[in-house]
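See structure below.
The values are calculated or read from the model by the stated rules, or taken from the named source; none is laboratory data. This is a predicted model, so every value here is computed, not measured. Cβ coordinates were reconstructed from backbone atoms using ideal geometry, including for glycine residues, and neighbour counts include every protein chain displayed. Accessible surface areas use protein heavy atoms only, side chains included; no ligands, DNA or RNA. Shrake-Rupley method; radii C 1.70, N 1.55, O 1.52, S 1.80 Å.
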Amino acid sequence: MLMFTFRRFLQLIPVFFGATLLVYFLVFATPGDPIAALSGGKPMAPAVEAALRAQYNLDQPFWVQYGLYLKNLVTLNLGQTFSGQDVSAVIARAYPVTARLAIMALTFEAVFGILFGVIAGLRKGKFFDSTVLVASLVVIAVPTFVLGFVLQLVVGVKLGWARPTVSGSAPWNELILPALVLGLVSLAYVIRLTRTSVGENMNADYVRTATAKGLSRRRVVVVHILRNSLIPVVTFLGADLGSLMGGAIVTEGIFNVPGIGNLLYKAIQKGESATVVAVVGILVIVFVVANLVVDLLYAWLDPRIRYV
Amino acid sequence: MSENLTPEKDLAAAGTPAARQGKTSRHHIEHFVAPLEETPLAAIDNVDETAAPLSLWADAWRNLRRQPLFIISALLILAVLIVAIFPQWFTNIDPRIQSTCNLADSGEPARAGHSLGFTLQGCDVYARMIYGTRASLMVGVFTTLGVLILGGAMGALAGYYGGWMDAILARLGDIFFALPLILGAIVIMQLPAFRDNRSVWVVVATLVIFGWPQIARITRGAVIENRNSDYVTASKALGLSPFRALIKHVLPNSLAPIIVVASISLGTFIVAEATLSFLGIGLPQSIMSWGNDIANAQSQVRNNPGVLLWPALALSITVLSFIMLGDALRDALDPKARKR
Amino acid sequence: MGSDVQPLLEIRDLAITFQTANGPVEAVRNAHLTVMPGETVAIVGESGSGKSTTALAAIGLLPSNGGVSGGQIIFDGEDITNASEKRIVELRGNSIGMVPQDPMSNLNPVWKIGFQVKETLKANGLAGANSKERVAEVLTEAGLPDAATRAKQYPHEFSGGMRQRALIAIGLACRPRLLIADEPTSALDVTVQRQILDHLDSMTTELGTAVLLITHDLGLAAERAEKLVVMYKGQVVESGPALEILRNPQHPYTQRLVNSAPSLASRRLQSQKAKDALAAAAAELGSPVEPAPVVEAGHTPSTVHAAAKHAEPQASLAKGAQAGETILEIKNLTKVFKLRGALGKSTDFKAVDDVSFSVPRGTTMAIVGESGSGKSTVAQMALSLLAPTEGSIKFDGTDVTTLKGKPLFDFRRRVQPIFQDPYGSLDPMFNIYRTIEEPLKIHKIGDTKSREKKVRELLDQVSMPASTMHRYPNELSGGQRQRIAIARALALNPDVIICDEAVSALDVLVQAQVLNLLNQLQEDLGLTYLFITHDLAVVRQIADHVTVMQKGRVVEAASTDEVFSNPKQVYTQDLLNAIPGATLLV
C-alpha cells in the first residue's frame, strides 16, 4: 500500500507541472500583450501595470517566468486584485464557504444517491426503478443554472421557504438550497452508477456462492453486493468532491454565495484575468490532490488494485 | 505472474494413490434407459439454415427498433435537426432581422401570432427559440466530431501500441483531465484575444481542447480489450500489417462504447456551451442560441419566467434526447448481451 | 439390501422453465435422479444439457428468470420444491453445500479468505467462541497448508488450485449431508485437478457426505461416482451404475459419448482410407488385423505399423515433398520476458528455456504442458509473432527468426494458426465470407469471382454448408467457428498449421468431430501440425510425436506410443496418471 501511494504520488508530478504549464501557456503565450490579457483589455493605472509586471516577471524569459509563477503558487504569493486586495487573502476568506457548501452537497448526493440507487438496482425493471431512472435522466439533461433559477424562483421567491440569495457570512441553513442545486446533477449520476453496479454484482458468481453458503438474503445484499457495488460509487464521489471543492461557479453565482466560484465568476465579469489565473492555478492543485485521494481510496476499497 | 506463490505440487499429500478403479455402490442401482422416441438424437453441431443471417449491427438494430426509449429519442433528435436546418419552416418571423423586434413589446405576454410572448428587447420568444437551435446544435455536433477525431486517434494509438506512446499520451490526457471542461474553457474564453473574437468555431475549438481526454480514455480501453484478441493475432499471422489490423479489425470492434459515450457527450457539450454563454464568455450576442437567450433572461426571471423557461425547455429536451439515445445504444450494443 | 434406506435427495419428473425475450424455454424436462446417503452421483452432459440447472434447482439457486415448472425435489423425505425462502436458507450450508465451478470468480475479491469461511460457519450457527481456530481447521482439512496465515489473505493472492481448496473448505465447513460439486475442477490443470478430486473424495468418504457431481467428462464421472446420470438436451437419457454404463452403454447418445471421450480412446485417429490400407497391408503380410481399433494400442504388432507407413498414399503429400523430411526445426529456443517490478526494477522470467525439436513433414507434433509451461510461447515464436531471445526456428531450411518484409510475408502464407477460443478467433464484425476471404485478399490471390469459388470449396472441405458464408460468427456454435477457423487457415494452402489448444474449449462430441476433420485434412493435403495442448488424451488421438514441457523446459520427447506406453519421466507419468478414467476400460 505504501509502495502504491508512493508510485501514484510520483505519477502526479508530471500532471501537476503539465497542468500548471498549460494554464500559464494559455494566458501568456497566446497572441497579444500579456499585460492586456491580464487586465482584460482595459486601460489601467501605471502603478497597477507595474505591479502586474513585477508579479508575473514579464521582463524575464518564458521559462523563468513559469518557474517564478510556480514558486508564487506554492508559496501562495498570488499578487493583488485590481482593487488592491491580496488574492491569497481573498481566497482564504472564500474557501471555507466553498468547503461548507461542498460537504453539504456531497452528503446530500451520497446519502440519497446510494439509497435510491441500491433500491432501484435490487428491483430492476420495477416501478420504483423506472421512476428513479427517468427522473435522473431529466435532472442530468436540465442545465444547472436553469435548475438554480427555477428553484430560486419557486422555493426562494414564490414559497419563501429559503432566502433566494445567501448573506455575507453564509451560514449553514442558508446554504441548503444552493447545496441541493449543486448536488442534484451528481445525485443523478450516483443513482445511475449505483444502480448499474448493484445490478451487475447481483449476477456475480460469488454472490451465488454466498447464497449457497446459507447466508440470509439481507447479509448477502449488505456484505457481498453492497460493498462491491460501492467501489465505483465511492470513487465517483471522491472525484466529485474534488470538483465541488473547485467551486461551483454557476451555483455560487446564482445564489450569490461568497465562495471561490463566485470569486472566479466576478473576476471573469470584471475582466480581472490576473485573478482568474491565480485562482485557477490554486484549483489545479486542488484537483490534482483530489485525484490522488481518489486513487488511494480506490486502492483501499479494492484489495486487487494495490498490487498491480 | 503471482500464480506461483505456492507450487501446487507441494500441496498434495505425498504419494500417488493406487490406480482408480471406480466405485461400486452398496445399494442396488437400476439401469435406466430413456426410450429413443422421447429423446431423439440430433446431428452433432449442424448449422441451422432456417434463420436469416444477421450481422451484429443488424442484430443491434433489431433490438433498437423495439425499444420505445430509442424511438422517442431518435424522433426528437430528427425533429431538432430539421428545426436547426430549416428554421424558416417553423416560424415566419425572422428574429435575425432587427426590425422584427419592437421595444414597445418588451416583456409582453403571449398573444395571437406570438404564442410564447416577448423578450426584454421586444423580440418574439418562440422565433428566437427556433432560430437558436442551429447554433446550439452546431456546437454539440462539431465538438463531438472534433473530440471523436482527436480523442479517438490519441486513444487508439495509445491503446494499440502501448509502451512509451501510451505513457506519453496517457500523461497528456491526465494533464488535460486535471482541468475540468468548464474551468479550462473559462481560462481560454476570458482572455481578450478569444473573448473579442468569439464564434461558434472558437467555442467548438475550446471545448474540443478540454473535452478530448474522456473519449481518448474510452477508446484506449476498448482498443486494449480488443488488440490482443485472437482474431487480431490471426490476421497478423495471415500477413496483415499491424496498422491495417488496427483499422480493419480493432477499431470496428471498439466502436460500440465510443458511440455510446459520444452520444451522451453531445448533450453535455450543448450544456457546456449554454453554461459558457450564461457566464458571458460563450457565443457572442450576435449569434442566437439557447444559452444566450437563457443568459439574457436572467434579469427577468422573477416577473417573466417564460423568457427563461422556453429556451431552457428546448435545450433540456434536446440534451435529454441525446442522453436517452446513448442509453438505448448502450443496451443494444452491450457486449455481454452480444454473445449467445 | 439397503432398500429400507431412505434416499437423501430424490428428483422426480423435474421440469425447469426459463422466461426469455423469445418466450418461455424449457431447459429441463422429466429429469429424475436419486442420491443415497454417502453416495456419489455424477450428472454427465455437454454444455446446455441442463445438468447444472438440475443441480442448482435442488439448492434453490436458479437464476431469477428460471423456475421449477413441474415435478418434485425431495430432500431427506421433505418436499422442498416449493419450500419457503426461510426453509431453503436453513438447508443451505449445513444440509446442502456447494462447490462451484470457476474458482476465479466464486470468491468475493474484496473480503479475506478467512472472513468468507467464518461467515459460513456463523450463518449456520457453528462459529462458536473459537471461530478463528475453526476457520484454520476447516482450511487445513481442505488441504491448504499454513491455513492460519492464508486465512488473512485475499483471493487474488491465491492460485487457482488454492482458491478451489478454499471453496471446498467453505462447501464442507458446516458438514452438509449433500455436496453439490458443479464442475469443481474443470478450470484447473490436470495434475491439480487430480489432487483436488482425490482430496475431495477422501474428505467426503470420511465425513459420509453424499456428492452430486456435475461434469462434462465421462471418464472423470465414471472414476469418481457410483452412479451416472447422463443428460442430453434437458432430459435424462440413461442412468445407472457407473462402470456398467461405461462398459455397456445402451442409449445411442451415451454410446456416442463413450466412443468419443478422448480420455478413453487410446489410439491415434485414422481415416477410413488409412484403415483400409492398413488392413490390406497387414493381410499381405499375413498378420492379424484389428478392423477398427478403439481400445488399447501399444501392443499393435510393429509390422503392421511399418506396413501402414508404406501404405500411406504418397501422392497426397503436397508439393511432391518426401515424407519424413524435416519441415520445422527448432533449436535451443529461449524466450526471456522482463517482468516489471517495483520502482522500475525488472526481473527476468524464462518462459521458454532451451527448447529443441523438429517436425517431419506430414506428421503431427504435440507439445504438452500445463499452464505456465511455455508451450503457447513456443507457438507464438514458431508463428514469428514473437521474437525469441535466443535460438533458431528453421522452416523448410531457412531461419525465420530474422525474416522481415517480403520473405516474412511469404512465410506467413505457408504457416497458419488456429487458436483456442472459438469465440475470440473470428472477428465478430466480419461475416464468414469475409473471414475466409481475408487471407486471399491480403496475399492478393485471384479476383472476386475466383475467391468466392475458393471460399465455397473451403467451406465444403470443413463440411459447412455454402450458405454459411453470409452468416456472422455470433450465429455459429463453438465447433462451427473452429471449423471456419480451419477453413481460413487452409485458404492459402499452407504447409504447417499451428493449433494452439484448438479443441480445448469444445464439448467432447464436437471435439471428436473437429479432431477427425483435422486428421482427414492432414491425410488429404499432407499437412504438418504443431499441436499445442494441455490434454494428453487428445494427444493420443492426433499426434505422432510428443514433446512434454514443464516450466519452460522440455521434460520428455518421443513418439506418441513410446510416451504413452513407457513414460520415462515422473512428470510425464503424473500427467498420464491424471487423465481421468484412463484405467477404467482395461
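Here are a few things to note about the model shown:
- Exposure ranking of A:His224, B:His28 by accessible area [1.4 Å probe, largest first]: B:His28, A:His224
- For region C:76-104, heavy-atom accessible area (probe 1.4 Å) falls by no less than 30 Å² from the chain alone to the full protein assembly at C:Val89, C:Arg92, C:Met98.
- Solvent-accessible heavy-atom area per residue, rounded to whole Å², over the protein assembly as shown at 1.4 Å: 42
- Viscosity 1.002 mPa s, 20 °C: Kirkwood-radius Stokes-Einstein D of region C:102-175 over Cα pairs, µm²/s: 182
- Heavy atoms of C:Val570: accessible area, 1.4 Å probe, square angstrom to 10: 100
- Stokes-Einstein D in µm²/s, Kirkwood radius over Cα pairs - chain C at 25 °C with 0.890 mPa s viscosity: 93
- Formal net charge of residues neighbouring C:Ala127 (Cβ-Cβ distance under 15 Å; K, R +1; D, E -1): +4
- Measuring with a 1.4 angstrom probe and ignoring ligands and nucleic acids, A:Arg163 comes out at about 130 Å² accessible.
- Portion, in percent, of the accessible area of chain A that falls on carbon or sulfur, probe 1.4 Å: 68
- Taking a sphere under 15 Å around the Cβ of B:Asn292 and counting the other residues whose Cβ falls inside, with K and R at +1 and D and E at -1, yields a net charge of +3.
- Comparing mean-square fluctuations of A:Ile285, A:Ile13, A:Ile91 from a GNM of chain A with C-alpha springs under 10 Å, the top value falls on A:Ile13.
- Members of B:Lys248/C:Lys453; B:Lys248/C:Lys449; A:Lys124/B:Lys248 lying beyond 29 Å, as alpha-carbon distances in this model show: A:Lys124/B:Lys248
- Pairs from the list B:Lys236/C:Lys394; C:Lys350/C:Lys406; A:Lys126/A:Lys213; B:Lys23/C:Lys86; C:Lys335/C:Lys404; A:Lys213/C:Lys551 with a Cα-Cα gap above 25 Å: C:Lys350/C:Lys406; A:Lys126/A:Lys213; B:Lys23/C:Lys86; A:Lys213/C:Lys551.
- Separation between Cα centres of region B:187-216 and region C:79-158, rounded to whole Å: 57
- In the assembled protein chains, B:Lys236 presents an accessible area of approximately 60 Å² (probe radius 1.4 Å).
- DSSP H segments from chain B that extend 15 Å or more along their own axis, Cα-based, with Kyte-Doolittle mean of 0.5 or above: B:68-85, B:125-161, B:163-177, B:200-227, B:251-278, B:306-333
- Going from the chain on its own to the full set of protein chains, region C:434-449 has these residues losing 20 Å² or more of accessible surface (heavy atoms, 1.4 Å probe, no ligands, DNA or RNA): C:Glu438, C:Ile442.
- Translational D in µm²/s for chain B (Stokes-Einstein at 37 °C, 0.692 mPa s, Kirkwood Rh from C-alpha pairs): 132
- Solvent-accessible area buried by C and A, counting both chains, probe 1.4 angstrom, square angstrom: 2400
- When C and B come together, around 6800 square angstrom of accessible surface is lost from both chains combined, probe 1.4 Å.
- Shape category assigned to the protein assembly as shown from the gyration tensor of Cα positions, a/c cut at 1.5: prolate
- Those residues of region B:266-287 for which accessible area with every protein chain present is at least 20 Å² below the isolated value (1.4 Å probe): B:Val271, B:Thr275, B:Phe278, B:Leu279
- Normalised by the number of residues in chain A, the average gap of Cα pairs under 8 Å and 6 or more apart makes the relative contact order 27 percent.
- For chain B: relative contact order, % (alpha-carbon pairs under 8 angstrom, 6 or more apart): 21
- Residues whose amide H comes within less than 5 Å of that of C:Gln550, counting only those at least five positions distant or on another chain, are C:Val555 (H built at 1.01 Å from N in the peptide plane).
- Most fluctuating residue given options B:Ala222, B:Ala58, B:Ala262, as computed from a GNM of chain B linking Cα atoms under 10 Å: B:Ala58
- For chain B, built as a Gaussian network whose Cα springs stay under 10 Å, the top-fluctuating residue of B:Leu279, B:Leu169, B:Leu238: B:Leu238
- Relative contact order of region C:102-175: 46 percent, from C-alpha pairs under 8 Å at least 6 residues apart in sequence.
- Rounded Å value of the spacing that divides the Cα centres of region A:194-231 and region C:508-555: 42
- Whole-percent carbon and sulfur share, accessible surface of chain C, 1.4 Å: 50
- Summed buried accessible surface, chains A and B, 1.4 Å probe, nearest 100 Å²: 3700
- Antiparallel DSSP beta bridges within chain C, as percent of all bridges there, nearest 5: 55
- Cysteines without a disulfide-compatible partner [the protein assembly as shown; Cβ-Cβ under 4.7 Å]: C:Cys174, C:Cys499
- Count Lys and Arg as plus one, Asp and Glu as minus one, and take only other residues whose Cβ is under 15 Å from that of B:Ala185; the net charge is then +1.
- Reported to the nearest whole Å, the Cα centre-to-centre distance from region C:45-75 to region A:164-179 is 59.
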